[in-house]
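Everything below concerns the one structure shown next.
Just so it is clear, none of the values below were taken in a lab; they were calculated from the coordinates. Everything numeric here is computed off the predicted structure, so don't read it as measured data. Backbone-built Cβ (ideal geometry, glycine too); neighbour counts: all protein chains shown.
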Amino acid sequence: IYADPARRLELYFRPKDPYCHPVCANRFPTSTMLLKVRRRTKKKQQQLDTEEQTQPEVQFEMEILGIVATVYKFQGMSDFQYLAMHSTPDDKQTSMYDKVLMLKPEKEEFFNRELPLYIPPPIFSRLDTPVDYFYRPDIQHREGYNNPQVSGEHLIGLSRARRPHNAIFVNFEEEEIPSKPLDAAVQTWKKVCTNPVDKKVEEELRKLFEVRPVWSRNAVKANISVHPDKLKLLLPYLAYYMLTGPWRSLWVRFGYDPRKHPEAKIYQVLDFRIRYGMKYGYAPNDMPVKAKRSTYNYNLPITVKKQGSHTVSVHDLKQGLGPAGAAGAKKPASSRYKLKESVYIFREGALPPYRQMFYQLCDLNVESLQKIIHRNDGSESECTERDGWCLPKTSDDLRDSMSLMIKQIIRSTRPALFSTATSSEDGKEQLAYESGEEEDEEEEEEEEDFKPSDGSENEMETEILDYV
């Protein structure tokens, strides 16, 4: 706990009870002294009349051992404690610890016994200090406003207010596709687009959609330098968002329906995840590509509340976050927010920057992969939700080939991992790579600083939440 400044010190009143809920102490800097106090007692005999009485003589010795720089203070309240107890019909409490705790290996009879129902609470209070709760005031609507009818299937709504990005979402099953943006999206972008830089970015994005009608958000970020908060307002102004199907999580130009154009199969999305495990020759800890987030690092609610990121104001958006901003001093405006090509392009001999990637098929820059994609050119008959215009199992074949390439890269950089795992098919798996692997590895280390989002582990889900 002391080694991690973000952790809180836990105190268990019943350390041997697994159902004991701890109290937490916060960490504070201090400059106090640690004293060593010694109390010496010397007995003294005194004769008073005929009675013998003992009067101790006490002496104190003090010594300064050092300076304390950190203290932990328990300032919160103790939460409710939940005991493994059962109430009998005659209102007597009986302990169930000997029945629910397995302290040693038990036989099958231990698990088949009839016991009273005991379900501990799934969670305790997240706050241990009293806070003032400010209730929201009643919303004052204009005259003539009527509350919408709430059906039984919509009783549980969104956990947060809808963000005013005004994007249009389209499912694969819907017959019609939008031909123009919502009026609110147009007004929002016109309100923000107040300087020449924004107008230039708008024209650049229009040209991108003219060259290629379907784009991923990361691909747009790698081709245009635009602030992420402005991109959230600009994309709904020029394109709609596909929720399901082979073009899910992609932005499609208004008026273009990829389900009616067989040539749109090169824009389909491929959800690729780097495989690892002993059958592939390397464990998760041996992966050269780090995970962005991990459930093993989840410390709440015993961690100190971290400061939130700086919220970009409307004034910052109107000013275009120009040279006066902090980021303007580091990079020129032409590449300040640009991402590297590796966030959306797969190349032979280079590792992806993250373990889960969403590639468009046209961005798989490997000849063997393109042959798999174009196996049925000219004979596309039906667009399905799973495979789009491609042959069935095309995504599986692409993933197998890409996994084999990545395995070869890891084998070339870390041969010790595969020294014990030899196979008769090694000759078939060998692929030719260029000699610039060290440069590629250095580039990947730089790209680890890029974080597409701070939301869900699934990037597709995160991007949807950005607009809903």
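The calculated pair-distance distribution of the range 196-282 uses every alpha carbon pair, bins of 5 angstrom beginning at 0, and gives 3, 12, 23, 21, 14, 9, 7, 5, 4, 2, 0, 0 percent.
Beyond 32 Å in Cα-Cα separation lie the following of the pairs Lys191/Lys265; Lys200/Lys290; Lys180/Lys221; Lys260/Lys290; Lys73/Lys232; Lys260/Lys393: Lys191/Lys265; Lys200/Lys290; Lys260/Lys290; Lys73/Lys232. Can you work out the PRE-style zone for Lys260? Point 7 Å along Cα to Cβ, and I want the residues of the range 200-219 with backbone N under 12 Å. Backbone N within reach: none found.
If I take R0 = 41 Å and measure r between the Cβ atoms of Val68 and Asn365 in this structure, what FRET efficiency does the formula 1/(1 + (r/R0)^6) give, to the nearest 0.05? Once the sixth-power term is evaluated, E becomes 0.10.
Modelled this way, with points 7 Å down the Cα-to-C-beta line, the labels at Asn195 and Lys340 are 2.9 nm from one another. Label sites at Glu176 and Tyr118, each approximated as a point 7 angstrom past Cα along Cα to Cβ, lie 6.2 nm apart. Here the Karplus curve 6.51 cos²θ - 1.76 cosθ + 1.60, taken at θ = phi - 60°, turns the phi angles of the range 391-398 into couplings of 5, x, 6, 5, 4, 5, 5, 5 Hz, with x standing for Gly and Pro.
Whole-Hz Karplus values for the range 74-80 come out as 8, 9, x, 8, 6, 7, 4 Hz, taken residue by residue from phi with 6.51 cos²θ - 1.76 cosθ + 1.60 and θ = phi - 60°; glycine and proline positions read x.
Projecting label points 7 angstrom from Cα along Cα→Cβ for Leu34 and Leu101 puts them 3.2 nm apart.
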